[in-house]
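The next block holds one structure in the form of structure tokens; read it before the comments.
The values are calculated or read from the model by the stated rules, or taken from the named source; none is laboratory data. Just so it is clear, the model here is predicted, and its values are computed rather than measured. Virtual Cβ from ideal backbone geometry, glycine too; neighbours counted across all protein chains shown. Heads up: the accessible areas ignore ligands, DNA and RNA and are worked out on the full protein's heavy atoms, side chains in. Shrake-Rupley method; radii C 1.70, N 1.55, O 1.52, S 1.80 Å.
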Amino acid sequence: MKHEMKLNNGPFTSIKNGTKTVELRLYDEKRKLLNVKDIIEFTNRETNEKLSVEIEGLYVYPSFEELYKHFDKVSMGYREDEEAKPTDMEEYYSKEEQSQYGVVGIKIKKL
């Protein structure tokens, strides 16, 4: 199955250059449809460039705080010199949404 998602330029570029291998999302109704071996087509919000990846694994957690304990920061899209803080994800998903749905780490590989 093929899924479509939008990404800001920074994360899109990190996936494209191979450093970001885990996409972080709310585990809402749309993400519950994801399965290993499915394809995600990411669209860069700034350039409309498209990039396809295959799902290698799905890791569900109650919060980004828990998810961040299980992946290294570079694989989640941070630079080596950046601090990885779970609260960074509150820019996209409220604490209430995280409590309601949980979160998912989507392990991906470029096609």
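Within the stretch 7-57, track down each residue that is in contact with a Gly (Cβ under 7 Å, 6 or more places away or on another chain) and hydrophobic (A, V, I, L, M, F, W, C).
22, 24, 36 - these are the residues of the stretch 7-57 that are in contact with a Gly (Cβ under 7 Å, 6 or more places away or on another chain) and hydrophobic (A, V, I, L, M, F, W, C).
Tally the residues that are in a helix (DSSP H, G or I), open to solvent by 20 Å² or more (accessible area, probe 1.4 Å) and without any contact (Cβ under 8 Å) to a residue 40 or more places away in the chain, restricting the search to the stretch 12-50.
Going through the stretch 12-50 one residue at a time, the tally reaches 3.
Across the stretch 80-91, what is the number of residues that are within 19 Å of residue 21 (Cβ to Cβ) and surrounded by 12 or more Cβ atoms within 10 Å (Cβ to Cβ)?
So the count comes out to 4.
Within the stretch 94-111, can you find the residues that are open to solvent by 30 Å² or more (accessible area, probe 1.4 Å) and part of a helix (DSSP H, G or I)?
Those that are open to solvent by 30 Å² or more (accessible area, probe 1.4 Å) and part of a helix (DSSP H, G or I): 95, 96, 97, 99, 100, 101.
Could you give me the residue pairs with C-beta distances under 7 Å whose first residue belongs to the stretch 76-93 and is in a loop (DSSP other than H, G, I, E, B), whose second residue is of a type in the set (Ser, Thr, Tyr) wherever it lies, and which are 6+ apart or on separate chains?
77/14; 84/68; 84/78
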